[in-house]
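Novice: Just passing along the structure, written as structure tokens.
The values are calculated or read from the model by the stated rules, or taken from the named source; none is laboratory data. Since this is a predicted model, take the numbers as computed values, not measurements. Quick reminder, even Gly has a Cβ in these numbers, built from the backbone with ideal geometry, and neighbours come from all protein chains shown. The protein model used for the area step is the full one, side chains on, heavy atoms only, and it has no ligands, DNA or RNA in it. Shrake-Rupley method; radii C 1.70, N 1.55, O 1.52, S 1.80 Å.
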Amino acid sequence: MRRRVKRTPRRRSRHLGDPRDQSTVGETAGKPQKLAALVANGAGEIIELDGYAAVGADGEVLEALHTGNTKPLPHGSELMLLPERQPILFDIAAGRTVCLSAHPDYPGVAIYPVAAFNSPGYILTHTCAHAAPSSAAELPLFAYGAVGWQADGFRSAVARVDHEPRQDLRRMPMTRVRGGVRRLRRQLPTNRLCRHLEKCALTYGCPAAKNFFIGRYEAPLPTAEGCNARCRGCLSLQEGGAIPHSQDRIRFTPSPVEIAEIAHLHIARVDKAVVSFGQGCEGDPLLAAAVIGPGIREIRRRTAAGTINMNTNGSLPRTLEGLLDAGLDSIRVSINSFQPACYTAYFQPRNYRFEDVLESVAMALGRGVHVAINYLNCPGFSDTPAEREALLAFLERHPIQMIQWRNLNFDPLRYCHLMKAAAPRLGRPEGMRRLLHRVRQAAPHLRFGYFNPPKESFPESPTKPLSARDGQGP
Ligand code: SF4
């Protein structure tokens with residue numbers, strides 16, 4: 001990524017909200033209006049391209065963006081240009097999609113696709129439609145959502161999956177964050193984990209770390225230096241250096257007391273507090289069980305309040321069992337696919353198999369622990385019939401309490417290519433909204449969301465398997 005820009009488009013000419021344009025694209029008043037296409041020039045400025053409408057990609061399925069299948073760009077989202085790539089747009093006069101390598105009015109002037117990196121709580125329904133030559137450099141680790149322009153501003157191809165303002169930047173002013181950092185430097189002067197979280201909050205802008213210093217919702221407890229997976233989109237470790245990692249991985253192992261000090265402080269001052277092992281700046285916490293187990297026991301020695309959660313790859317069922325014994329309240333297991341070949345192609349597990357992940361989920365459910373799946377989605381793969389059926393089959397056998405629908409931060413073209421190579425018969429994508437609807441129909445009690453819930457909101461009784469719900473209404 002060369003530049004990330006957030007600029008109002010430079011309006012060269014009339015836009016698609018004009019009546020003439022609406023008639024050109026065959027729309028009438030009251031119907032959804034197509035969005036104007038956005039591209040970036042070499043200076044990183046975002047411009048509206050006269051005569052072209054915005055297009056979103058659902059894998060190989062291209063769809064015009066309009067006011068009916070988009071939402072106003074969520075607050076805090078960012079716009080990005082995709083270097084070395086060409087935008088795919090809808091040529092209104094020609095009535096077809098086209099791929100442009102240069103500005104149509106200024107031959108030789110390069111233009112680039114524009115994508116949206118959307119705020120937490122929103123899942124992509126379409127990725128930015130573009131073409132990439134095989135020589136193009138790897139894209140940094142973001143989710144590249146489709147975006148366009150309409151009379152009222154930028155619009156994004158997303159569906160909202162969580163309404164909680166947990167990571168709304170408007171609720172996390174940096175003045176309060178910096179004030180919290182100063183206070184906790186005085187309160188926990190020797191706690192290395194607290195110093196680490198300062199960098200997360202102040203340098204990386206990590207919303208979870210900011211919330212810790214402000215005293216809201218969920219606090220992060222990074223601990224693990226190592227991991228037994230090699231996820232293609234790992235944010236904290238990229239071997240080979242072709243893709244920049246976005247956060248430095250923690251380089252020390254906090255002591256159980258350091259962990260407990262952070263967790264207890266957060267729980268003591270936040271109503272319905274959550275503290276979570278397993279963050280973007282670490283490996284997998286199961287590999288740090290030797291300190292996490294005693295850390296959990298020390299937290300619980302100090303307080304019975306608060307939810308102790310672990311975000312994990314779920315690779316080591318026996319290790320996880322020991323941590324549940326210590327007092328974990330909930331787990332969130334990251335999975336990109338319920339097809340073993342696709343899981344393996346993305347996670348590249350070392351010394352474990354997808355079946356071990358399933359065993360962890362089943363074991364935790366058997367013990368009555370709240371289990372969420374961190375379902376890493378990408379339109380064009382997640383909404384294929386093969387992946388949908390694999391997900392529903394999983395839900396039937398594993399009555400988890402929640403799916404956290406998350407956007408996969410990875411180049412969408414390369415990801416779909418990778419998944420197709422792993423599982424050639426995926427079928428034609430059916431749309432992310434349709435997928436959400438199908439899952440909702442099949443599992444009406446399954447909670448959808450984005451954030452780890454506090455134990456006060458856990459369901460009272462275990463969720464029933466899908467097969468036991470046959471014939472029940474929503
Ligand atoms: S499981 Fe997490 S820490 Fe491990 S490689 Fe994957 S993303 Fe990175």
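Novice: F347 is checked against (1) touching a Cys at 6+ places or on another chain (Cβ under 9 Å); (2) open to solvent by 10 Å² or more (accessible area, probe 1.4 Å); (3) within 13 Å of the ligand (Cβ to nearest atom) and fails just one. What number does that condition carry?
Specialist: (2)
Here is a yes/no grid of residues against (1) touching an Asp or Glu at 6+ places or on another chain (Cβ under 9 Å); (2) assigned to a strand (DSSP E or B); (3) of a type in the set (A, V, I, L, M):
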{"residue": "V39", "(1), (2), (3)": "yes, yes, yes"}
{"residue": "G44", "(1), (2), (3)": "no, no, no"}
{"residue": "D50", "(1), (2), (3)": "yes, yes, no"}
{"residue": "E63", "(1), (2), (3)": "no, yes, no"}
{"residue": "L89", "(1), (2), (3)": "no, yes, yes"}
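Novice: If I ask for residues that are within 22 Å of H245 (Cα to Cα) and open to solvent by less than 30 Å² (accessible area, probe 1.4 Å), which ones from region 281-309 would you list?
Specialist: The first filter runs over region 281-309 and keeps only residues within 22 Å of H245 (Cα to Cα), leaving 281-288.
The answer is C281, E282, G283, D284, P285, L286, A288.
Novice: Could you tell me whether any residue of region 354-372 is within 19 Å of Y450 (Cβ to Cβ), within 21 Å of the chain's Cα centre (by Cα) and in contact (Cβ under 8 Å) with a residue 60 or more places away in the chain? Give the derivation first.
Specialist: Going residue by residue through region 354-372, those that are within 19 Å of Y450 (Cβ to Cβ) are 370-372.
Right, trim to within 21 Å of the chain's Cα centre (by Cα) and you get 370-372.
Next, only the ones that are in contact (Cβ under 8 Å) with a residue 60 or more places away in the chain stay: 370, 372.
Yes, there is a match, as at least one residue in region 354-372 is within 19 Å of Y450 (Cβ to Cβ), within 21 Å of the chain's Cα centre (by Cα) and in contact (Cβ under 8 Å) with a residue 60 or more places away in the chain.
Novice: Scan region 265-279 for residues that are open to solvent by 60 Å² or more (accessible area, probe 1.4 Å) and either of a type in the set (D, E, K, R) or in contact (Cβ under 8 Å) with a residue 40 or more places away in the chain (or both) and jot them down. I'd like the intermediate steps shown before the answer.
Specialist: Start the filter on region 265-279 by keeping residues that are open to solvent by 60 Å² or more (accessible area, probe 1.4 Å), which leaves 268-269, 271-272.
Matches in region 265-279: R269, D271, K272.
Novice: Given the residues G95, G56, which is the only one that is on the phi > 0 side of the Ramachandran plot and at pLDDT 95 or above?
Specialist: Checking each option against the conditions leaves just G95.
Novice: Also, quick follow-up: Applying the selection to region 197-256, what residues are away from the ligand (no atom under 12 Å from the Cβ), open to solvent by 60 Å² or more (accessible area, probe 1.4 Å) and in contact (Cβ under 8 Å) with a residue 60 or more places away in the chain?
Specialist: Selection gives Y204, Y217, A242, P244.
Novice: Which residues, taken from region 40-65, are more than 21 Å from V109 (Cβ to Cβ) and surrounded by fewer than 22 Cβ atoms within 10 Å (Cβ to Cβ)?
Specialist: Scanning region 40-65 gives E60, V61, L62, E63, A64.
Novice: Same structure, new question: Does region 282-300 contain any residue that is more than 16 Å from the ligand (Cβ to nearest atom) and part of a strand (DSSP E or B)?
Specialist: First, the residues of region 282-300 that are more than 16 Å from the ligand (Cβ to nearest atom): 290-291, 293-300.
From what is left, the residues that are part of a strand (DSSP E or B) are none.
Checked region 282-300: no residue is more than 16 Å from the ligand (Cβ to nearest atom) and part of a strand (DSSP E or B).
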